[in-house]
Amino acid sequence: MDSAQLSHHEDHLTPRTLLVAALEAAGTCGSLLREAWAHPRGAYEEKAPGDLVSEVDRESQRLARDTLLGHTPGAAFLGEEETGEDVPAPGPHNGGLIWIVDPLDGTANFLHRFPMFAVSVAAARGDRLQAAVVYNPVTDECFAAAAGEGATLNGHSIRVSGEERLDHSLLATGWPFRRKELLGPYLKVLQRVFMGCQGVRRAGAASLDLAYTAAGRLDGYWEYGLKLWDVAAGALIVREAGGRVTDFGGTEGWWRSGDIVATNGRIHNTLLEAAATPGGLTDLVGE
C-alpha cells in the first residue's frame, strides 16, 4: 500500500471502525488469557523489581498486533512488550494512527490467580484518543469507548458517579512498584488523601481502576509514573463517561509523564489539592 493509498485508507478509519477492531483484538487476547487462567504459573521474568512479564503477555501482544494491523495496515503499534522495532512516540507532532496496547495489565495478579487483570487497547492520532477497550476475561466485562460516542460496559451506556464530596468518595491508587524507594514520600500523599476520603482501594491494574471510575464504581483514581499503555484506553473511557483526566497539576501532561488523576470531575480539584504534588513524580523524588 503506497502513501496515497494509506492516507485514503486512514481517512475512512473513524472512531467507530477503530473501536470494532479494538474489540476484536481484546476478545482474541481475552480468550487466550481465559484459557491460560487455569494454569497461570508458567515461566515469567522480572523486568524490574515487581515488574513481571510472562509468555502469556508476549503471546497476547502478538495476537493483538496481528489483529489490529490486519485491520489498519501501516499503523504504528506501541505495546508494553518489546516489538524490536522503532515506534514513533505518540503526541501532537505525530498525527498518524497508533495502537497503544497493554496485552496483560496486571501480570502479577494473573500469576497469583487474583482476578483483576485486563487487556487494554487504545487507538490514537497524535495525542487525540480515538477508541478504547478494557476487557477483563475472568469477569467477562468489556469497557469500551469511541471518541464522541460515550462509554459502555458490555454494550450498555455508563457514566461516572455524581458524588461531589471527597469525604464521601471511594478512590483507587497504585503503589510506586517500579521505584520502591519512593514509597515513603508516596505514603505521605496517601495519608493526606486517605484522611480526606471515605476509602482507598489498590487492586493492581490501572486499566481497570480507570474503567471502574468510568462506571461509577469508584469516584476517582490517582497514580504516579505509569506508562502510556497502562492508561491510554482507560483515560478515553473515563472522559467519554463524563469524567475528567489530568496530571497532578491539572494539565494534559499525564500523556507524557504517566502521572494521572482521573475522577468523576466533581471531586477532581479537591483530590488534586489533597495530593498536593502538582509536579507529580518529580515532587515525590524531591521530598
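The numbers here are math on the coordinates, done by the rules we state, and not lab data. Quick caveat: nothing in here was measured; it's all calculated off a predicted structure. Counting neighbours? That spans all protein chains shown, and the Cβs are built from the backbone with ideal geometry, glycine included.
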*Can you tell me the 0 to 90 degree angle between the C-alpha axis of helix 55-71 and the longest principal axis of the chain, rounded to 10?*
60
*Please report the relative contact order for region 70-213, taking Cα pairs under 8 Å with a sequence separation of at least 6, and give it as a percent rounded to a whole number.*
18
*Kindly put Ile237, Ile98 in sequence by how many other C-beta atoms sit within 10 Å of each C-beta, fewest to most.*
Ile98, Ile237
*asked:* Test of understanding: ordering Ser120, Ser257, Ser60, Ser169 by Cβ neighbours within 10 Å, fewest first, what list do you get?
replied: Ser257, Ser169, Ser60, Ser120
_For the chain, size of Cβ-based charge dipole, Lys and Arg +1, Asp and Glu -1, in debye_ = 700
*Rounded to the nearest 20 Debye, what is the dipole magnitude of region 166-286 about its Cα centre when Lys and Arg each give +1 and Asp and Glu each give -1 at the C-beta?*
240
*Using a Gaussian network model of the chain with C-alpha springs under 10 Å, which one of Gly70, Gly250, Gly220 is most mobile by mean-square fluctuation?*
Gly70
*Cα long-axis angle, helix 15-36 against the chain (0 to 90 degrees, to the nearest 10)*: 80
*Globularity ratio of the chain, using Cα Rg and 2.2 N^0.38 Å*: 0.96
*When only C-alpha pairs under 8 Å and at least 6 residues apart count, what is the relative contact order of the chain, in percent?*
16
*How much mean residue ellipticity at 222 nm does the chain get from its helices, if each DSSP H run of length 4 or more adds -39500 (n - 2.57) and you divide by all residues, to the nearest 500 deg cm²/dmol?*
-11000 deg cm²/dmol
*Could you state the angle between the C-alpha long axis of helix 183-196 and the longest principal axis of the C-alpha atoms of the chain, as a value from 0 to 90 degrees rounded to the nearest 10?*
70
